[in-house]
1. Which of the helices in the chain meet the span-like rule: DSSP H, Cα axial reach of 20 Å or more, Kyte-Doolittle mean at least -0.5?
2. Determine the dipole magnitude for the stretch 52-192: charges of +1 sit on the beta-carbon of Lys and Arg, -1 on that of Asp and Glu, nothing else is charged, the reference point is the Cα centre, and the result goes in debye to the nearest 20.
3. For the stretch 28-155, with every protein chain kept in place, what is the accessible area per residue (1.4 Å probe, Å²)?
4. Can you figure out the FRET efficiency of residue 257 with residue 94, using R₀ = 35 Å and their beta-carbon distance, to the nearest 0.05?
5. Would you mind telling me the share, in percent, of accessible area of the stretch 231-277 contributed by carbon and sulfur at probe 1.4 angstrom?
6. Looking only at trypsin sites (Lys or Arg not before Pro) in DSSP loops with at most 16 other Cβ atoms within 10 Å, what is the longest site-free stretch of the chain?
7. Which residue, 137, 92, 116, tops the fluctuation ranking in a GNM of the chain built on C-alpha contacts under 10 Å?
8. How large a share of the accessible area of the stretch 24-69, in percent, is made up of carbon and sulfur atoms when the probe is 1.4 Å and the other protein chains stay in place?
Amino acid sequence: MFLGALVYGLVNAAILTLYALGFNLTFGVSGIANFAYGSLYVLTGYAAWSALNTLKAPLAAALPAAVLLTALVGGAVHRLVLVRLQGLREAQVIATFGLGLTLLEALRYFGFIGHQFALPVFWDSAVDLAGVVLDGQRIIILAASLGLTAGLWGFTHHTRIGLACRGMAQDERTALCLGIDSDWTATAAMALGGGLCAVGAVVVLPIGNIAVESGYDVLLEALAVCIVGGLGSAAGVVAAAVMLGLSQTLAAMYLGAHWMMIVTLLAILVVLIVRPSGLFGHKKELEERT
């Protein structure tokens, strides 16, 4: 029983990592907490479903198209809205939250509700891991989480755009002096963050249904992982996802499913009280308090 909890806890950690990678990247580069993040996740699911069932597109074309659409929407949000609110962090948060809420409720208004909205699994099989049966889609989730994390590290360390993003995250003024266009770099980060969110959506959604309400849950889980790990810290995201993923699964197995969200909220509360910068936060607590 414990081994099963461990395996499914790691799967849950992989899901949380997929939720949080894009949110963390956007905040790390631009300093913007994108509260429209959950709506981008849901938008990807419905876009992929519409391409598959309305346009009759093959799976290999529908999923990349949905990811590309979401990435373009993420970039457009920054270029058309957030650039005009440059320097007004509170206004940017309110703007992204309002846009996300509008999108989710618009999807609900146009009838995207019900159990008929679901994406097909990629691999309809199962694997026995030391007595723990794991379905093929969850194995793909584990592989996607590892692949995206490694790919994002390579992108930020070995590409021109990725290095520009790292420069912006470390010191925006110095990056500007070196000729890095902060607006376009932040737009690229928003687009890439949206794309990462979309990849997570197309990989995770096949194990459940597409629902408008899941947008709020995804946003909360992404926030929890980033707050616990430290906003802007890639290593913190992975560590926090593993901690929360295992804690949630063990709590659900031994205490009840409703304890999963309680564990998440308690983790946020404890970290904000004990270490406001997060477990791997780059800023000193004293600097954050002054």
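The values are calculated or read from the model by the stated rules, or taken from the named source; none is laboratory data. Since the structure is predicted, the reported quantities are computational estimates derived from the model, not experimental observations. Cβ coordinates were reconstructed from backbone atoms using ideal geometry, including for glycine residues, and neighbour counts include every protein chain displayed. For the accessible areas, the whole protein counts, side chains as well, though only heavy atoms, and no ligand, DNA or RNA atoms are used. Shrake-Rupley method; radii C 1.70, N 1.55, O 1.52, S 1.80 Å.
1. Working: long enough: 2-30 (41 Å, 1.58); 37-53 (24 Å, 0.56); 59-80 (31 Å, 1.69); 89-109 (30 Å, 0.61); 136-158 (32 Å, 0.77); 182-204 (32 Å, 1.37); 214-229 (22 Å, 1.54); 234-254 (30 Å, 1.59); 259-274 (22 Å, 3.09).
The qualifying helices are 2-30, 37-53, 59-80, 89-109, 136-158, 182-204, 214-229, 234-254, 259-274.
2. Values: 9 positive and 9 negative charges, 56 e Å.
Taking the Cα centre of the stretch 52-192 as origin, the dipole is about 260 debye.
3. Working: 6450 Å² over 128 residues.
Value returned for the stretch 28-155: 50 Å² of accessible area per residue.
4. Values: r = 33 Å, r/R0 = 0.94.
About 0.60, to the nearest 0.05.
5. Details: 1930 of 2380 Å².
That share works out to 81 percent.
6. Working: sites that count: 56, 283, 284.
Formally, the longest exposed-site-free interval is 57-282.
7. Highest fluctuation among the options: 116.
8. On the way: 1210 of 1590 Å².
Within the stretch 24-69, the accessible surface is 76 percent carbon and sulfur.
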